[in-house]
Amino acid sequence: MADYQALKDDLIGQLSGTVLEIGAGRGRNFARLNRDARWIGLEPSAKRRAQLWSAAQAYGHRDPVLTGSAESIPLADRSVDAVFGTVVLCSVSNTAKVLAEVRRVLKSGGKFVFFEHVAAPAGTVTFALQRVWGPISVAFGGCHLERDTWRELAEAGFATVSSRWFVPSAPWSIHGRYLAGHATVS
Ligand SMILES: C[S@@+](CC[C@H](N)C(=O)[O-])C[C@H]1O[C@@H](n2cnc3c(N)ncnc32)[C@H](O)[C@@H]1O
């Protein structure tokens, strides 16, 4: 999926101003980010947060990493220019709440950039496998495999949603397909 990675570099690299990364993990996206952007990270896992903070400092970011979940973002209304997340909506407890929070903290005209693996098309073998394996994955601390994130994005009240589908080159991948793009608030 070279084109998926290229789109990631492109969409994340275009973000400017104050940029919130939800579920930032260990900080794999710093190299993509515009050096002039003010990065704020949100990460609920204490272990990952420690690694994230080290990585953030190495890239010159100075804002402390926020503790908490994206269902309740500890930032004021309309306080950031952009929000992004890479493979995070598969992990959150409540996608609709997260998207409502993303809209709340974005300034007028702000952008949400997303890169997510989602449910395979209904009726496919991969979808059937996701239905079986998804709950097991979640029970063992993994993520949800069979989410219809495209529908949640369409119903979240963004002014615009623009997305593309990507299919992993490995045909046996349980992820089935990926959704990537951006949404804006008015
Ligand atoms: C698959 S990892 C992706 C990490 C990183 N975004 C990346 O691309 O490397 C999912 C991340 O989402 C975080 N996460 C899980 N539930 C979350 C929530 N409710 N709100 C925000 N982040 C969450 C996890 O702690 C984890 O760091």
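The values are calculated or read from the model by the stated rules, or taken from the named source; none is laboratory data. What you see is a predicted model, and the numbers here were worked out from it, not measured in a lab. Here the Cβ is made from the backbone with ideal geometry for all residues, glycine too, and neighbour counts use every protein chain on show. Ligands, DNA and RNA are excluded from the accessible area calculation, which covers all protein heavy atoms including side chains. Shrake-Rupley method; radii C 1.70, N 1.55, O 1.52, S 1.80 Å.
Numbers at a glance
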| quantity | calculated |
| --- | --- |
| Derived scalar couplings ³J(HN,Hα) [region 172-178; Karplus, 6.51 cos²θ - 1.76 cosθ + 1.60; whole Hz; x for Gly, Pro] | 8, 4, 5, 6, x, 7, 10 |
| For region 13-109, alpha-carbon Rg relative to the globular expectation (2.2 N^0.38 Å, N residues) | 0.98 |
| CD proxy at 222 nm, helix term only [per DSSP H run n ≥ 4: -39500 (n - 2.57); per residue of the chain; nearest 500] | -9500 deg cm²/dmol |
| Inter-label distance, nm, simple model (7 Å from Cα along the C-beta direction), Ala100/Ser186 | 2.0 nm |
| Per-q log10 I(q)/I(0), the chain, q = 0.11, 0.18 Å⁻¹ (Debye; single scatterer per alpha-carbon; no solvent) | -0.46, -1.26 |
| Debye intensity ratio I(q)/I(0), log10, region 94-155, q values 0.14, 0.25, 0.30 Å⁻¹ (C-alpha model) | -0.51, -1.08, -1.26 |
| Rounded tilt (10° steps) of 95-105 against the dominant C-alpha axis of the chain | 20 degrees |
| Environment charge of Thr67, counting only residues whose C-beta is closer than 10 Å and scoring Lys/Arg +1, Asp/Glu -1 | 0 |
| Accessible area of region 1-89 divided out per residue, in Å², using a probe of 1.4 angstrom | 48 Å² |
| Rounded percent of accessible protein surface that carbon and sulfur make up, region 1-155, 1.4 Å probe | 52 percent |
| Accessible surface of Leu11 - all protein chains present, 1.4 Å probe, nearest 10 Å² | 10 Å² |
